[in-house]
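Chemist: This is the structure I have questions about; it appears just below.
The values are calculated or read from the model by the stated rules, or taken from the named source; none is laboratory data. In this text the structure is predicted, and so the values were computed from the model without any measurement. Glycine gets a Cβ as well: all are built from the backbone with ideal geometry, and neighbour counts include every protein chain shown. The accessibility values were calculated without ligands, DNA or RNA, using every heavy atom of the protein model including side chains. Shrake-Rupley method; radii C 1.70, N 1.55, O 1.52, S 1.80 Å.
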Amino acid sequence: MITVFSDRHRLRNVKTELSGGLLVPPHECCERAEIVLERVKLAGLGEIVAPDAFGLECSLRVHTPDYLEFLAEAWTLWAAAGNAGEAIPDCWPARRMLQRRPQDISGRLGFYAFAAETSIGAGTWQAARAAVDVALTAAQRIERGAPGAFALCRPPGHHAARDLYGGYCFLNNAAIAAQYLRDHGAARVAILDVDFHHGNGTQDIFYDRADVLFVSLHGDPSEAFPYFSGFADETGCAHGLGYTLNLPMPRGTGFEVWREALAAALRRIAEFRTDALVVSLGLDTFEADPISFFRLGSEDFASYGRLLGEAGLPTLFVLEGGYAVAEIGVNAVGVLAGFEATR
Ligand SMILES: [Zn+2]
């Protein structure tokens, strides 16, 4: 399987994450991608290529123009305003307040953020754009007939909504890739999100559509980030009613139960008769993940990779979360190698 990787991910190298009332080194760090890349090489998964440069057109198919404009200039405006640290929002348009975009950059951060843990720094926009190029280059391989491809994206994307960032995500790599496949011949595309956290951004983007099925396995949002999205009774709206499937699971969920949910997800995907599958590949279901509460062991990742392969679909894997940094490579490549073993 081909892996697409850009060293421009290192441009996102922020120093702060707001956590537990402190500014701590971010869980979503450069080492994550480097360790996955090393494991891809060590396992001999296949060719590793740099991405082609795509313009912003594909991103504009799922994000709003004003949101992209904000992301492009956020750091410059924040620094020009004389702020000493990295850009963090501190005020939101909450219940009964106006949803009106402020001029001031601090207000604008709150307007476009849904959470405060995710600092914006000098290279954030450039790295986010490179991650989109990675996803699109891999999607192009699928479009051209590859049975599988791995987009080693960083920063991740599945929390980024049409016009909202947070959860370490800015541009929704998986959603942009799915839309690309739709725009290049696929009549139907399914997105399976196996990250521990609900893919609220991907859900938001496709919530009213019947041509892109969104299925997510994740920690119950009554106990887990992003808290306000991912409940089982969120099933889509308008034309998209019935094309979102959320399978939340409680604290301590192990592989036996998780695998049952995956089987249900794959049944729904088979019923949808999709032309391609995009997997939002988060590894934070791992038992040692520092910010999650499922109990999958390393051997379980290879096991479910085989189940994904047995679905027999052209499959684009897009890297999302996973914060047990030392094991992220073994677990990611476990899924990919399991998938490859079925081909
Ligand atoms: Zn996650």
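Chemist: What does the convex hull of the Cα atoms come to per residue for segment 143-233, in Å³?
Modeler: Given the Cα convex hull of segment 143-233, per-residue volume reads 103 Å³.
Chemist: Rounded, prolate or oblate: which fits segment 283-343, taking a ≥ b ≥ c as square roots of the Cα gyration tensor eigenvalues, rounded meaning a/c under 1.5, else prolate when a/b beats b/c?
Modeler: prolate
Chemist: State, as an integer percentage, the relative contact order of the chain based on alpha-carbon contacts under 8 Å between residues 6 or more apart.
Modeler: Averaging sequence separation for qualifying contacts and normalising by length gives 18 percent for the chain.
Chemist: Ignoring everything except DSSP H segments at least 4 long, calculate the 222 nm mean residue ellipticity for the chain; use -39,500 (n - 2.57) per segment, divide by total residues, nearest 500.
Modeler: -11500 deg cm²/dmol
Chemist: Expressed as a rounded percentage, what relative contact order does segment 12-117 have, with Cα pairs under 8 Å and six or more residues apart?
Modeler: Normalised by residue count, the contact order of segment 12-117 is 23 percent.
Chemist: Further question: Put +1 on the Cβ of every Lys and Arg and -1 on every Asp and Glu Cβ in the chain; which of ALA113, ALA261, GLY44 then has its Cα farthest towards the positive end of the dipole?
Modeler: Positive-most Cα among the choices belongs to ALA113.
Chemist: For THR64 and VAL257 in one chain, what is 0.36 nm times their gap in residues minus the Cα-Cα distance, to one decimal in nm?
Modeler: Extending this stretch completely gives an extra 65.7 nm.
Chemist: Continuing with this model, one more query. Once the piece of chain linking SER19 and SER303 is laid out straight, how much longer is it, given 0.36 nm per residue of separation minus the C-alpha distance between them?
Modeler: 98.9 nm
Chemist: Hey, another quick one. Apply the membrane-span-like helix rule to the chain: whole DSSP H runs, Cα extent along the own long axis of at least 24 Å, mean Kyte-Doolittle hydropathy at least 0.0. List the helices found.
Modeler: Within the chain the helices that satisfy the rule are 124-143, 255-272.
Chemist: If you don't mind, there's one more thing I want to ask. Which of rounded, prolate, oblate describes the chain, given a ≥ b ≥ c as roots of the alpha-carbon gyration tensor eigenvalues and a/c under 1.5 marking rounded, otherwise prolate only if a/b is larger than b/c?
Modeler: Verdict is rounded for the chain.
Chemist: On a C-alpha basis, how far is the centre of segment 17-38 from the centre of segment 86-146 in Å? Whole number, if you could?
Modeler: So the separation of the two Cα centres works out to 17 Å.
Chemist: By how many nm would the segment from ALA116 to THR235 lengthen if fully extended, with 0.36 nm per residue of separation less the alpha-carbon distance?
Modeler: My answer for the length gained is 40.1 nm.
Chemist: Would you mind checking segment 29-48 for residues with the amide N under 18 Å from a putative spin-label position 7 Å along Cα→C-beta of ARG10?
Modeler: Answer for segment 29-48: 29-41.
Chemist: Round to the nearest 10 and report in Å² the accessible area of GLU260, as given by a 1.4 Å probe over the protein chains' heavy atoms.
Modeler: 120 Å²
Chemist: Could you report the chain's accessible area per residue, 1.4 Å probe, as an integer in Å²?
Modeler: Each residue of the chain exposes 39 Å² on average to a 1.4 Å probe.
Chemist: Counting only protein heavy atoms and using a 1.4 Å probe, what share of the accessible area of segment 212-343 belongs to carbon plus sulfur, as a whole percent?
Modeler: Carbon and sulfur atoms account for 55 percent of the accessible area of segment 212-343.
Chemist: Here's a follow-up. In whole Å, what is the distance between the alpha-carbon centres of segment 257-316 and segment 203-250?
Modeler: 16 Å
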